[in-house]
Amino acid sequence: MNSSEIRDKFLKFFESKGHHIVRSSSLIPGNDPTLLFTNSGMVQFKDVFLGQDNRAYSRATTSQRCVRAGGKHNDLENVGYTARHHTFFEMLGNFSFGDYFKRDAIHFAWELLTVVYGLPKDKLTVTVYQEDDEAYAIWQNEIGVPVERIIRIGDNKGARYASDNFWQMADTGPCGPCSEIFYDHGADIWGGPPGSPDENGDRFIEIWNLVFMQFNKDEQGVLHPLPKPCVDTGMGLERIAAVLQHVHSNYEIDIFQSLIKGAARETACADLGNNSLKVIADHIRCASFLIVDGIIPGNEGRGYVLRRITRRALRHGHKLGQTKPFFYKLVADLVQEMGTAYPELAEAGERVAQVLKQEEERFGETLEHGMKILEAALAKDSKNLDGNTAFSLYDTYGFPLDLTADICRERNVVLDEAGFDAAMAHQKQTARAAGKFKMAAAIEYNGDKTKFIGYEQLNHESKVI
Ligand code: ATP
Ligand code: MG
Ligand code: MG
Ligand code: MG
């Protein structure tokens with residue numbers, strides 16, 4: 001089953017259960033300052049959960065484009081290191097706005113997975129929130145999951161492991177206990193069941209999260225009950241595709257294979273298993289869809305996230321020996337692969353490629369120089385990178401700190417982040433002092449103390465190229 005068929009089957013299944021198919025919303029959350037990017041399917045329905053918006057339907061289903069590269073849910077540092085995380089991914093979801101609750105949500109999910117998609121039941125393990133006896137009983141008595149494969153997980157406060165069965169969109173907003181479904185990719189892959197010390201391995205992969213939305217969390221952390229209990233579920237398309245295509249990593253599914261081949265072609269890399277190709281394939285999706293939704297590379301906020309992701313991809317290209325613009329050429333491969341499901345991507349393709357090309361040209365030369373400086377520093381000390389060098393890479397060569405950190409991580413080098421911060425603070429201080437001096441000089445030079453010459457000469461140059 002290819003990814004498009006998996007997506008269609010999901011939406012049609014829920015349509016047959018009375019759900020209204022709603023289109024993916026933009027990656028830029030409408031009117032929501034608490035969120036950097038749309039990070040899940042529920043974002044476009046946030047106000048419906050809160051009872052502040054009404055829809056003509058009480059059940060909905062979507063395939064939502066999501067980005068997790070900042071804010072509460074941030075997987076940027078996982079890309080290239082796990083088999084299951086992307087910065088950009090598609091979340092398949094079904095939603096109930098005060099209509100059905102736990103029972104139907106669990107039954108629907110099980111039917112889709114085991115009947116429609118035909119997954120073997122004994123490959124599935126589920127978790128419930130620590131105190132959620134109701135969900136536990138549904139899994140045990142109605143679905144028939146053996147107790148050794150129903151695991152209770154808390155809210156992770158002070159817990160040793162990463163699992164967390166209390167889902168929150170952000171630090172404030174709709175939230176509630178959840179129940180998750182994991183797929184066991186087999187004993188030959190390292191990893192343990194959820195809640196175990198090895199849960200972050202690639203063997204047991206979380207495929208679907210069923211959130212029982214019950215509260216609105218305020219800024220003081222107080223939970224207020226929602227007007228009506230709701231359901232919000234999310235299943236990563238790429239993760240379920242890996243399962244259904246009998247591969248053990250998201251990067252081996254159809255969509256990624258063609259992007260990886262494109263990246264290999266553009267970087268002349270002969271080894272399709274090379275990790276840098278995975279990162280480039282991930283980042284072209286994220287960067288392109290961000291541009292489709294109106295973001296352009298910049299030095300602040302969302303634009304800076306886009307810039308950081310693009311520059312990381314370019315650095316991986318450089319690592320493979322590509323010093324010319326190449327990244328933008330992958331937009332065509334992406335449109336080929338995803339343009340039908342996302343016509344807005346097909347429409348914006350040329351513009352996206354143009355924006356990326358410009359960013360590549362801008363960074364290309366300083367990347368080359370910066371890498372030489374970095375290599376020289378590491379030739380002197382192969383274990384540590386000092387803060388001043390990291391700052392100079394940032395300030396003069398346009399290396400975002402996380403890009404330098406990524407290189408250090410690859411090479412087991414300790415990056416002096418405190419030293420970087422100190423260098424940055426020092427630079428700001430000197431720039432302020434120089435600014436004052438220039439201001440005085442400018443007024444004096446003008447010879448007219450009342451006439452304002454303008455900010456242009458006085459503005460500090462942007463710190464990122
Ligand atoms: P994980 O624990 O693996 O990081 P999560 O618990 O953070 O996942 P949820 O917030 O529950 O994920 O999101 C719902 C679903 O979306 C997940 O069950 C998974 O299938 C998918 N998903 C989450 N994050 C990613 C990601 N970075 N890349 C691809 N799919 C993801
Ligand atoms: Mg996560
Ligand atoms: Mg999880
Ligand atoms: Mg989860």
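Worth pointing out:
- Looking only at the range 218-247, and only at residues there that are modelled with pLDDT under 95 and either within 13 Å of ligand 1 (Cβ to nearest atom) or open to solvent by less than 50 Å² (accessible area, probe 1.4 Å) (or both), the one that is farthest from residue 125 (Cα to Cα): 218
- Selection status of residue 21, in contact (Cβ under 8 Å) with a residue 24 or more places away in the chain, within 16 Å of ligand 4 (Cβ to nearest atom), in contact with a helix residue (DSSP H, G or I) (Cβ under 8 Å, 6 or more places away or on another chain) and hydrophobic (A, V, I, L, M, F, W, C): no
- Residues of the range 403-415 that turn out to be of a type outside the set (S, T, N, Q) and either surrounded by fewer than 17 Cβ atoms within 10 Å (Cβ to Cβ) or over 26 Å from the mean Cα position of the chain (by Cα) (or both), as a count: 4
- Pairs are defined by a Cβ separation below 6 Å, a sequence spacing of at least 6 or placement on different chains, a first member in the range 65-92 that is within 16 Å of residue 275 (Cβ to Cβ), and a second member that is of a type in the set (Ser, Thr, Tyr); the pairs so defined are 76/87; 79/87; 83/249.
- Answer from 97, 37 - the residue that is within 15 Å of the chain's Cα centre (by Cα), aromatic (Phe, Trp, Tyr) and buried (at least 20 other Cβ atoms within 10 Å of the Cβ): 37
- Test: residue 390 is buried (at least 16 other Cβ atoms within 10 Å of the Cβ), at pLDDT 90 or above and over 27 Å from the mean Cα position of the chain (by Cα): no
- Sole residue being open to solvent by 70 Å² or more (accessible area, probe 1.4 Å) and among the hydroxyl-bearing types (Ser, Thr, Tyr), chosen from 16, 4, 25: 16
- Filtered residues of the range 268-311 (kept if surrounded by fewer than 24 Cβ atoms within 10 Å (Cβ to Cβ) and in contact with a His (Cβ under 7 Å, 6 or more places away or on another chain)): 276
- Counted residues, the range 199-208 - those being within 16 Å of ligand 2 (Cβ to nearest atom), farther than 23 Å from residue 338 by Cβ and modelled with pLDDT of 95 or more: 2
- Residue list for the range 174-191, filter: open to solvent by less than 20 Å² (accessible area, probe 1.4 Å), farther than 17 Å from residue 211 by Cα and either out of contact with any strand residue (DSSP E or B) (no Cβ under 7 Å at 6 or more places or on another chain) or touching a residue at least 60 places away in the same chain (Cβ under 8 Å) (or both): 185, 186
- Among the conditions (1) over 28 Å from the mean Cα position of the chain (by Cα); (2) open to solvent by 30 Å² or more (accessible area, probe 1.4 Å); (3) at pLDDT below 50, the only one that residue 437 does not satisfy is (3).
- For the residues 360, 344, the requirement of being closer than 16 Å to residue 403 by Cα and open to solvent by less than 50 Å² (accessible area, probe 1.4 Å) singles out 360.
- Residue within the range 195-203 that is touching a residue at least 40 places away in the same chain (Cβ under 8 Å), within 15 Å of ligand 3 (Cβ to nearest atom) and outside any loop (DSSP other than H, G, I, E, B) present: no
The values are calculated or read from the model by the stated rules, or taken from the named source; none is laboratory data. Keep in mind the model is a prediction, meaning the values are calculated, not measured. Note: ideal-geometry Cβ built from the backbone for every residue, glycine included; neighbour counts use all protein chains shown. Heavy atoms of the whole protein, side chains included, go into the accessibility calculation; ligands, DNA and RNA do not. Shrake-Rupley method; radii C 1.70, N 1.55, O 1.52, S 1.80 Å.
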